[in-house]
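The values are calculated or read from the model by the stated rules, or taken from the named source; none is laboratory data. Here the structure is a predicted model, which is why all the values come from computation and not from measurement. Here the Cβ positions follow ideal geometry from the backbone for every residue, glycine too, while neighbour counts run over all protein chains shown. Surface accessibility is based on the protein's heavy atoms, side chains included, excluding ligands, DNA and RNA. Shrake-Rupley method; radii C 1.70, N 1.55, O 1.52, S 1.80 Å.
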Amino acid sequence: MYPPETPMNPSYAFAITLAQPLAQAVETLRAALAAEQMGIVSEVDMQATLKAKLGIDSAPQRLLGVCSPKVAHALVTAEPDLAALLPCGASAHEATPGQTRVLLQDPRVILAASASQDPAVKTVLEEARGAVLRVVAALGGQGA
């Protein structure tokens, strides 16, 4: 089951607030992901993009693509079309100076979207979920 949904904990992601500015929080996240053989493979500076493209001033925010090569390979081997759901989404948003909210997509979101009947898909995604929960714990949060 997904984690219970609350305003601070959406059903599709695990959330934690770090007492760090955005850049430091992203580096903290990067280190926690590396410990689980995962990494940030893409990063979009939403603050800069919104300013440049729409003239909107906004709080610092990054959209992050998080991936594990092992998980990605296992998923696309079992169901090639799952590549459309990779990498897993994450975000970091500094709404209050020095306080960054980090959200990591629950890998079960991919399972819910999968048409695969291959038990390997479920197994890989449950293992990935465990790794994400360990990242959240390493950041000082609690899993569901």
Here are some conditions: (1) modelled with pLDDT of 95 or more; (2) over 22 Å from residue 34 (Cβ atoms); (3) of a type outside the set (A, V, I, L, M, F, W, C). Residue 130 meets all but one. Which one does it not meet? (2)
The number of residues in the range 97-119 that are under 16 Å from residue 69 (Cα atoms) and part of a helix (DSSP H, G or I) is 1
Condition test on residue 85, is it under 20 Å from residue 11 (Cα atoms) and open to solvent by 50 Å² or more (accessible area, probe 1.4 Å)? yes
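Looking only at residues that are of a type in the set (S, T, N, Q) and either under 25 Å from residue 44 (Cα atoms) or touching a residue at least 60 places away in the same chain (Cβ under 8 Å) (or both) in the range 90-133, which one is least open to solvent (accessible area, probe 1.4 Å)? Spell out how you get there, then give the answer.
Applying the first criterion (of a type in the set (S, T, N, Q)) to the range 90-133 yields 91, 96, 99-100, 105, 114, 116-117, 123.
Next, from what is left, pick out any that are either under 25 Å from residue 44 (Cα atoms) or touching a residue at least 60 places away in the same chain (Cβ under 8 Å) (or both): 91, 96, 99-100, 105.
Numbers: 91: 24, 96: 77, 99: 77, 100: 0, 105: 39 Å².
Checking each candidate, the answer is 100.
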Residue list for the range 8-47, filter: more than 12 Å from the chain's Cα centre (by Cα), assigned to a strand (DSSP E or B) and free of Cβ contacts under 8 Å to residues at least 24 places away in the same chain: 44, 45
If we ask which residues in the range 36-82 are closer than 26 Å to residue 124 by Cβ and open to solvent by 80 Å² or more (accessible area, probe 1.4 Å), their number turns out to be 9
Criterion: of a type outside the set (Gly, Ala, Ser) and closer than 27 Å to residue 20 by Cβ - qualifying residue of 79, 94: 94
Any chance the range 126-140 includes a residue that's out of contact with any helix residue (DSSP H, G or I) (no Cβ under 9 Å at 6 or more places or on another chain) and more than 20 Å from residue 10 (Cβ to Cβ)? no
